[in-house]
Every structure is written in structure tokens, then in C-alpha cells.
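Trainee: The structure is given below, and queries will be raised subsequently.
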2 protein chains.
Amino acid sequence: MNKYLKKDKEFLTMQIEFLGTGAGSPAHFRNVTGVALRLLEEINEVWLFDVGEGTQRQMLQSTIRPRKVTKIFITHLHGDHIYGLPGLLSSRSFQGGEDELTIYGPKGIRQFVEVSLRVSQTHLTYPIKFVELPVDGGDVLQTDKFTVSALPLDHRITSFGYRVTEHAHPGELLVERLRELNVPAGPLYGQLKQGNDVTLADGRTIHGADVIGAPQPGRCVAIIGDTRKTNNTMTLARNADVLVHESTYGKGEGKQARNHFHTTSVQAATIAKQAQVGRLLLTHISARYAGKAANELAYQARSIFPNTRVVNDFDVFDIPFGKQGNTKPVKLTVPSEVE
Amino acid sequence: MNKYLKKDKEFLTMQIEFLGTGAGSPAHFRNVTGVALRLLEEINEVWLFDVGEGTQRQMLQSTIRPRKVTKIFITHLHGDHIYGLPGLLSSRSFQGGEDELTIYGPKGIRQFVEVSLRVSQTHLTYPIKFVELPVDGGDVLQTDKFTVSALPLDHRITSFGYRVTEHAHPGELLVERLRELNVPAGPLYGQLKQGNDVTLADGRTIHGADVIGAPQPGRCVAIIGDTRKTNNTMTLARNADVLVHESTYGKGEGKQARNHFHTTSVQAATIAKQAQVGRLLLTHISARYAGKAANELAYQARSIFPNTRVVNDFDVFDIPFGKQGNTKPVKLTVPSEVE
């Protein structure tokens with residue numbers, strides 16, 4: 001059991017870490033795409049979104065270990081999003097990973113992984129499962145805590161965006177209210193918390209529904225694969241706390257973006273605004289925007305959607321409740337790898 | 001034409017650069033295997049031996065560019081030796097490479113590359129050719145300047161060692177001798193240099209063979225894939241100027257080395273000594289020998305073969321004539337990328 005689990009009111013940290021934020025080919029300061037959803041406190045797992053070549057080596061500079069990765073969601077099959085997958089799977093095995101790992105992605109991902117492992121005679125120490133998505137996406141995963149849905153985007157090749165929604169947290173027991181009602185503390189509290197009605201010794205009936213607060217809506221992050229501006233992005237992003245979007249091009253490059261099936265900073269910001277997200281994190285930054293030039297993309301976007309940041313490799317962001325906070329990356333304050 | 005071509009007596013630099021020197025999985029300071037034979041001054045090409053994941057990103061820290069890579073020799077199909085291949089091929093294309101590229105390696109390399117490129121819908125800008133080696137190896141490449149031969153080693157999976165031999169340089173024209181013989185300088189020198197006999201105005205005949213020095217034997221490097229100690233290594237390494245050998249294990253770990261089909265430092269040194277090579281470069285260093293612990297492997301080997309070095313990522317070594325020099329890495333002194 002996770003010894004860092006916090007109690008009751010405090011909710012557990014959910015974070016997103018960027019292992020690679022470049023486009024096309026690796027560059028000095030940006031590796032190709034790899035995004036980690038850190039659910040270590042929640043469920044002691046890490047979910048990856050795309051695994052570009054070198055992602056496993058980037059992990060050495062983060063606190064994520066391959067064996068914590070239980071689910072991998074691939075947006076599309078371009079090499080800069082998948083060529084790191086066989087190596088990561090091998091190292092997870094090499095390091096003694098035993099838990100089943102599931103890979104979600106477009107049709108073809110299974111063949112790529114299976115041929116890579118077979119040719120290299122790699123025998124994994126853990127079971128692997130593939131879920132190749134139907135072309136129109138859908139709800140691809142439902143756990144007791146999260147739902148992941150996917151929708152197709154508009155790229156040269158089948159490309160999906162993902163929306164991860166945390167289920168609502170049940171309302172808290174209103175202890176002050178119970179005291180006002182002179183309900184004696186004890187096992188009754190537990191029953192009321194579960195929503196049951198209880199009858200007191202004095203004959204009164206207390207309805208659970210009356211002493212439980214409103215449920216806390218879960219957090220939501222949308223991670224969008226390479227794409228032109230498209231309506232499905234809006235659907236995936238609507239009201240998300242965090243929107244991770246590509247910004248391969250900048251303002252004034254709309255034509256190139258369209259021709260190459262990508263998005264500009266300004267288009268991404270427009271989506272963020274219309275979808276009313278909490279914050280926008282721009283990634284998939286072209287080598288043409290090296291160093292400080294990348295800030296240009298952020299300035300352009302902020303004129304439309306202020307709460308925007310161009311992310312860098314190894315940036316970690318909290319995913320807050322209710323679109324709170326700003327776009328500042330966080331320093332990791334809790335042991336990230338929980339045994 | 002290569003403007004750095006040197007004339008006559010000066011021979012052109014042939015170098016070996018280590019892009020990855022680790023074993024199995026990437027580590028902080030050692031990426032997985034990638035070795036570059038820099039023939040930039042000779043033929044303006046780079047030949048790679050193995051392409052582990054992340055090799056193309058390592059190249060960003062070297063002076064090698066993917067489009068200079070014309071031949072790739074794969075020792076064996078384990079992931080840490082091939083998973084960087086699709087990405088490198090893609091980037092070579094992305095950067096506008098046009099020259100044909102040939103990949104040599106065990107049966108299976110073609111399927112791995114073709115499936116990777118097909119699934120990712122990568123269309124290369126240049127032709128690619130595969131040469132899958134027969135199980136017993138042989139001469140795999142013969143150019144006007146070099147011969148590359150391969151022999152099978154003893155690994156869990158088919159693994160080859162390669163021997164690259166530069167052809168002998170023809171002897172130089174002995175100008176001093178011609179002056180002694182009063183042969184007038186001019187076009188006759190050219191004919192004599194080509195080995196022809198010429199008749200002078202005074203009736204004397206000068207034999208080309210008499211005024212040409214001994215040919216200079218070419219340089220030779222042996223690059224050995226993962227293997228147990230085996231006789232074929234000796235054959236490949238015999239009299240090589242440089243022997244690149246794996247040293248996954250250290251002294252006293254012979255049993256583990258054998259069980260895992262690898263070699264110890266001491267075994268590699270013994271081969272170097274018996275094969276009478278010029279220098280021994282140990283690579284494929286396990287993460288168990290991190291940092292200074294790797295020196296231990298070198299000390300062990302030097303007790304048997306003094307001219308040994310454990311190499312690090314980005315080390316560059318000259319391949320000298322006649323086993324000269326020591327094992328010190330060189331600083332690159334000439335523009336490495338020649339247009």
C-alpha cells in the first residue's frame with residue numbers, strides 16, 4: 001500500500017511530466033515526444049503518452065522507472081512517437097517488471113512491437129496486451145478511478161487525442177453538521193459516510209444524503225496528438241484542467257501548419273480559450289524554434305489564452321482541481337517513486 | 001572533392017568514434033552500442049557498427065551527421081544494438097540524405113527495418129539496400145580502398161565480428177634515387193610512379209619497380225560483437241591495428257560471462273595479446289561498472305595487454321599505421337564534416 005496516501009480532504013497529486021518535447025527528430029535540448037502522467041500517489045502507476053526514441057534514457061533523468069509504467073497510449077505511429085517503445089519494454093523487463101502492461105494505439109502498433117521484440121529475441125518478463133483503437137476512438141479504458149477516451153484527429157496518418165478524466169470524489173462527511181445534530185461520533189459516522197440512513201437511539205433517523213457534502217469533480221487532462229486544428233480537439237479538451245497540445249508552428253505559419261497537418265501556437269490557444277480549459281501546455285516544438293525562440297510561441301498564444309506555457313523536457317506540472325493555479329512547473333516534493 | 005585531402009606521403013586520418021559504450025540498457029553516462037568508423041578524409045563517409053537506441057541523438061554531440069553514413073554493419077539483433085536504426089534512417093531522410101545506404105547484418109535486420117518504416121509510414125528520400133549475411137560470414141564488402149569481412153561469434157543469438165582492412169598504399173616514388181640516376185623531372189616521373197618502365201633520351205631504361213618504395217600496408221580495425229571468447233575473434237583480430245572488443249564482465253566473472261555469452265576484460269586482453277594487435281579498446285561496459293569502476297576493467301586487462309583502454313561515449317581514436325601510438329583518445333583537429 002502506498003505509504004504516502006493522504007487522508008480524507010487532501011487529494012492526491014496527479015502530475016504530468018514531459019520526457020520529450022521536440023518534433024520530428026531529437027535535438028540538443030528536446031528529445032522526441034514522450035509524456036508521462038504521474039499517478040504515483042493515486043494508484044502507484046505511470047501512464048505514458050507516446051514513446052519517442054530515447055524516452056527510456058530521458059527517464060534516467062526523471063524519477064520515473066520503467067516498471068512503474070502500466071499503460072502506454074500511442075497517439076499515432078510516426079517514428080518520433082513510437083521508436084522508443086521496444087527499448088522501453090525491454091528495459092522494463094531487464095529491470096524485473098512483472099505487472100501486465102497494456103498498449104493502446106492505432107492499428108499497426110502491435111505489429112511494430114511484436115516484430116521488434118521477435119527479431120531481437122526479446123522475451124519479456126511480464127504479460128503485454130494490445131488495444132488497437134477503432135478509427136473513431138471511444139472510451140478506451142475505464143478503471144475504478146479514471147476514464148480514458150480517445151477521438152481521431154486530422155493528421156497525415158491516423159492520430160488520436162486522449163482525454164483522461166478522474167472520476168468524481170464522493171462528498172465529505174459534514175462533521176460540523178453532525179455535531180449540531182448531536183449525532184454521537186463512532187461507527188455511525190462510517191455508515192453515514194457511505195450514504196446510508198441510520199436510526200439513532202433516540203429514535204431520530206439521519207439521512208446520509210443530508211450530512212454529505214457535494215461531490216468533488218475529478219481532474220481532467222487532454223493530451224492531443226499531432227494534428228491540424230479540428231473539432232474533435234475541442235470535444236476532448238472541453239473544460240479540461242490541463243490541455244497538452246502540439247504547436248509545431250507559430251503565428252503566421254498557418255499555411256505550412258495546414259500543409260503538414262500540424263497546428264500553430266495561435267490555433268492551439270484559440271482551442272484552449274473556446275474549450276475553456278484551465279491551462280495550456282504547448283509541446284512538439286520544432287527545432288526551428290530553438291532556445292529562446294520557443295518563447296515566441298508562448299507570447300503568441302498568451303495574447304489569446306494567457307495561461308499558456310511552452311514546456312521543456314523534464315518539466316513537471318500539477319494537474320489541479322477546478323482549473324486552479326498557473327502554468328508554473330513544480331518541483332517534485334514527494335518521493336516520486338513509491339514502492 | 002574533399003578539400004582536406006593531403007598529398008602523397010601524408011596518409012589520411014581514419015578514426016573510430018564511440019557513440020555508445022554501454023551494455024543492455026542506456027545508462028546516465030553510457031548509451032547503448034554505436035560505433036562510428038570515420039572515413040571522412042579518406043572517402044567522405046562514415047560507417048556505423050551497431051545502432052542502439054538514441055544513437056542519432058548521440059550524434060548531435062559528435063561531428064557526424066546522418067547523411068554522411070553510407071554503410072551500417074550490425075553485429076547482432078539484440079535491441080541495444082539495433083533499436084536506434086529506424087530513427088537514424090528517418091532523420092537521415094529528414095535532413096535530405098540522397099546517397100544510397102547499405103545495411104549489413106544477420107538475417108532479420110531487413111524485416112525489422114522494413115516493418116518499422118512501413119508502420120510509421122516513413123518514406124525515405126534515398127535508396128536503401130540490405131545485405132543479410134550468411135551464417136558463416138565471409139567477405140561482405142570490397143571497395144577500391146577497403147575490404148570488410150565478417151565471421152560468426154559465440155553469442156546467444158547470431159552475432160558477427162567485422163574486420164575492416166584498408167588496402168595497401170602503393171609505394172612512393174623514390175625521388176632521391178631518381179636524382180642520383182639523373183632522371184629528368186617531368187612526365188616521366190608519373191609513368192615510373194605507375195610502375196612502368198621508361199627509356200630515357202640517353203638510351204637508358206629505368207624500371208619503375210626499381211624506383212618505387214615498398215608498399216605501405218593499409219590499416220586494420222576489428223570490431224567484435226557481443227560474444228564469448230571464441231577462435232573466430234582471433235582470426236578477425238590478428239595483427240589488427242585496433243581491436244574493439246566487448247568487456248561486459250571483469251576478472252573473476254568468467255562463469256557469468258560464459259553463462260551470458262559475454263567476455264571478461266582478461267579474456268579480451270588475452271585475445272589482444274595472442275592476436276598481436278596494436279591496441280585494445282574495451283567497450284559494452286555494464287552499468288555494474290559505473291564511473292571509476294570501469295577503470296578496474298582496464299587495469300585487469302593491462303596486466304596482460306598493456307595497450308588497453310576502456311572507452312567512453314564520444315571518445316575518438318586514430319587508427320594508426322603499423323600499430324603505432326598509444327591508446328589516448330584524440331581531439332579532432334580537422335574539420336570533421338567535409339562537404
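The values are calculated or read from the model by the stated rules, or taken from the named source; none is laboratory data. What you see is a predicted model; the values in this text were computed from it and never measured. With ideal geometry, Cβ positions are generated from the backbone for all residues, glycine too; neighbour counts draw on all protein chains shown. Protein only, heavy atoms only, side chains kept; ligands, DNA and RNA dropped before computing areas. Shrake-Rupley method; radii C 1.70, N 1.55, O 1.52, S 1.80 Å.
Trainee: Could you list all residues from the range A:119-168 that are part of a strand (DSSP E or B) and among the aliphatic types (A, V, I, L, M)?
Mentor: Correct list: A:Ile128, A:Val131, A:Val140, A:Leu141, A:Val148, A:Ala150, A:Leu151, A:Val164.
Trainee: Somewhere in the range B:156-167, is a residue closer than 25 Å to B:Thr13 by Cα, open to solvent by less than 70 Å² (accessible area, probe 1.4 Å) and in contact with a helix residue (DSSP H, G or I) (Cβ under 6 Å, 6 or more places away or on another chain)?
Mentor: Yes; the residues of the range B:156-167 include at least one that is closer than 25 Å to B:Thr13 by Cα, open to solvent by less than 70 Å² (accessible area, probe 1.4 Å) and in contact with a helix residue (DSSP H, G or I) (Cβ under 6 Å, 6 or more places away or on another chain).
Trainee: Another question about this same structure. Could you count how many residues in the range A:78-100 are closer than 14 Å to B:Gly84 by Cα, of a type in the set (Gly, Ala, Ser) and more than 8 Å from chain B (Cβ to nearest Cβ)?
Mentor: Qualifying residue count, the range A:78-100: 0.
Trainee: Something else about it: A:Pro134: more than 30 Å from A:Thr235 (Cβ to Cβ) and either in contact (Cβ under 8 Å) with a residue 60 or more places away in the chain or away from every other protein chain (no Cβ under 12 Å) (or both), yes or no?
Mentor: Considered against the rule, which asks whether it is more than 30 Å from A:Thr235 (Cβ to Cβ) and either in contact (Cβ under 8 Å) with a residue 60 or more places away in the chain or away from every other protein chain (no Cβ under 12 Å) (or both), A:Pro134 comes out as no.
Trainee: What about A:Gly250, is it at pLDDT below 95 and open to solvent by less than 30 Å² (accessible area, probe 1.4 Å)?
Mentor: no
Trainee: Given (1) farther than 29 Å from A:Pro152 by Cα; (2) surrounded by fewer than 23 Cβ atoms within 10 Å (Cβ to Cβ), identify the lone condition not met by A:Val119.
Mentor: If we test A:Val119 against (1) farther than 29 Å from A:Pro152 by Cα; (2) surrounded by fewer than 23 Cβ atoms within 10 Å (Cβ to Cβ), just (2) comes out false.
Trainee: For the range B:42-51, state whether one or more residues are closer than 23 Å to A:Leu88 by Cα and either within 14 Å of chain A (Cβ to nearest Cβ) or among the polar types (S, T, N, Q) (or both).
Mentor: The answer is yes, given that some residue of the range B:42-51 is closer than 23 Å to A:Leu88 by Cα and either within 14 Å of chain A (Cβ to nearest Cβ) or among the polar types (S, T, N, Q) (or both).
Trainee: As an exercise: evaluate B:Leu200 against (1) over 16 Å from the mean Cα position of the chain (by Cα); (2) surrounded by 14 or more Cβ atoms within 10 Å (Cβ to Cβ) and give the number of the one condition it does not meet.
Mentor: (2)
Trainee: Applying the selection to the range A:169-197, what residues are aromatic (Phe, Trp, Tyr) and either open to solvent by 80 Å² or more (accessible area, probe 1.4 Å) or part of a strand (DSSP E or B) (or both)?
Mentor: Within the range A:169-197, no residue meets the criteria.
Trainee: Does the range B:114-127 contain any residue that is under 24 Å from the mean Cα position of the chain (by Cα), more than 10 Å from chain A (Cβ to nearest Cβ) and modelled with pLDDT of 95 or more?
Mentor: Yes - at least one qualifying residue is present in the range B:114-127.
Trainee: For the structure I just gave you, tell me whether B:Thr63 is in contact with a Ser or Thr (Cβ under 6 Å, 6 or more places away or on another chain), away from chain A (no Cβ under 12 Å) and either surrounded by fewer than 21 Cβ atoms within 10 Å (Cβ to Cβ) or under 15 Å from A:Gly79 (Cα atoms) (or both). Working first, answer last.
Mentor: Values: in contact with a Ser or Thr (Cβ under 6 Å, 6 or more places away or on another chain): yes; away from chain A (no Cβ under 12 Å): yes; either surrounded by fewer than 21 Cβ atoms within 10 Å (Cβ to Cβ) or under 15 Å from A:Gly79 (Cα atoms) (or both): yes.
Answer is yes for this residue.
Trainee: Conditions first: (1) among the hydroxyl-bearing types (Ser, Thr, Tyr); (2) open to solvent by 10 Å² or more (accessible area, probe 1.4 Å); (3) at pLDDT 95 or above. A:Thr55 passes all but one, so which condition is the exception?
Mentor: Only one criterion is unmet by A:Thr55, namely (2).
Trainee: For B:Phe73, indicate whether it is of a type in the set (A, V, I, L, M, F, W, C) and within 9 Å of another protein chain (Cβ to nearest Cβ).
Mentor: Judged against the criteria, B:Phe73 is not a match.
Trainee: Hey, any hits in the range B:84-105 for a residue that's within 10 Å of B:Val51 (Cα to Cα), assigned by TED's automatic domain parsing to the domain that holds B:Thr248, open to solvent by less than 10 Å² (accessible area, probe 1.4 Å) and part of a loop (DSSP other than H, G, I, E, B)?
Mentor: Yes, that holds for at least one residue.
Trainee: While we're here: Would you check if B:Lys107 is within 14 Å of another protein chain (Cβ to nearest Cβ) and either of a type in the set (Phe, Trp, Tyr) or farther than 21 Å from A:Leu89 by Cα (or both)?
Mentor: Yes, satisfied.
Trainee: Would you mind finding the one in A:Arg204, A:Arg179, A:Arg219, A:Arg228 that is under 30 Å from A:Lys145 (Cα atoms) and basic (Lys, Arg)? Even if it seems obvious, please write down each step before you answer.
Mentor: Values: A:Arg204 fails: under 30 Å from A:Lys145 (Cα atoms); A:Arg179 fails: under 30 Å from A:Lys145 (Cα atoms); A:Arg228 fails: under 30 Å from A:Lys145 (Cα atoms).
Every option except A:Arg219 fails the conditions.
Trainee: Also, I was wondering about something else. Which count do you get for residues in the range A:11-37 that are open to solvent by less than 10 Å² (accessible area, probe 1.4 Å) and under 16 Å from the mean Cα position of the chain (by Cα)?
Mentor: Total meeting the criteria: 11.
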